[in-house]
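Here is the structure we will look at.
The values are calculated or read from the model by the stated rules, or taken from the named source; none is laboratory data. This one's a predicted model, so the numbers in the text were calculated from it and none came from an experiment. Here the Cβ positions follow ideal geometry from the backbone for every residue, glycine too, while neighbour counts run over all protein chains shown.
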Amino acid sequence: MEYFAPKSRCNLCNKEYTQRGLTKHIKSCINKKLHDTKGDKYLYIVVQSSFNHDYFFHLLLSPTTTLRDLDAFLRKHWLECCGHLSAFTFDRWGEEIPMSRKVNTALVPGKMIDYQYDFGSTTELEIKCITEVTVNTRDRKKIMILSRNEQPVFPCDECGKHVATRICTACQWEGEGWLCEKCASGHDCGEDMYFLPVVNSPRTGVCAYDGE
């Protein structure tokens, strides 16, 4: 079998799309289902792994959302393992942006900022502001999930026939550590080796991250 990324679902209409077509669809879906000329201006953003764009969130952010709120969201859903430091920056490792800033003062439609979690085994994300939209704010959270990627499917490094579900932390950097259940049970490193589960996050296999 080969690696592949399944289609992902738009939470506004429940239809499935590839990542390539998702942004265009969601812009249209927001206008159809959420647009309200008497509402407030929200930001539609896409957060994705800097190195594997198959991991992503499409989000709608209220005007009161701060970068600290977004940091807490990313930690909860994608990143938190050992309480590492994190930062939002301009131009990847450039100027750090204070966590207290409102998202609508840091993000401009068509522009991007960067995010790093853990400055040892760093997980890097790209955050792009797609557009500003006027929507009804009634009963809406600060951060609304419009879509999240489905779990990418990784083949077992050993047999190549089944889906990898566990990661040997000693072998993964040598291209031998992503294993199906059967191959993990007979892996050469033995039962004492620390395995991590394969989870739907760009931090899968890193540090002690084992999912939400």
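For segment 134-169, name all the residues that are hydrophobic (A, V, I, L, M, F, W, C) and either touching a residue at least 60 places away in the same chain (Cβ under 8 Å) or surrounded by 15 or more Cβ atoms within 10 Å (Cβ to Cβ) (or both). Talk me through it step by step, then tell me what you get.
Narrowing segment 134-169 to residues hydrophobic (A, V, I, L, M, F, W, C): 135, 143-146, 153-154, 156, 159, 163-164, 167-168.
Within segment 134-169, Val135, Ile143, Met144, Ile145, Leu146, Val153, Phe154, Cys156, Val163, Ala164, Ile167, Cys168 meet the criteria.
Yes or no, residue by residue, for (1) among the aliphatic types (A, V, I, L, M); (2) at pLDDT 95 or above:
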| position | (1), (2) |
| --- | --- |
| Leu43 | yes, yes |
| Gln48 | no, yes |
| Phe51 | no, yes |
| Leu60 | yes, yes |
| Arg75 | no, yes |
| Gly94 | no, no |
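Sort out which residues of segment 90-104 are surrounded by 14 or more Cβ atoms within 10 Å (Cβ to Cβ) and either outside any loop (DSSP other than H, G, I, E, B) or not assigned by TED's automatic domain parsing to the domain that holds Asp69 (or both), and write them in order of number. Reasoning before the result, please.
Initial filter on segment 90-104 (surrounded by 14 or more Cβ atoms within 10 Å (Cβ to Cβ)): 90, 97, 99, 101-104.
Listed by number, the residues that qualify are Ile97, Lys102, Val103, Asn104.
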Point to revise | Single residue of segment 197-211 satisfying the filter (of a type outside the set (Ser, Thr, Tyr) and touching a Lys or Arg at 6+ places or on another chain (Cβ under 7 Å)) that is surrounded by the most Cβ atoms within 10 Å (Cβ to Cβ) | key: Val198
Check your understanding: Mind checking whether some residue in segment 60-71 is farther than 25 Å from Thr204 by Cα, more than 20 Å from the chain's Cα centre (by Cα) and either in a helix (DSSP H, G or I) or in contact (Cβ under 8 Å) with a residue 24 or more places away in the chain (or both)?
Key -> yes
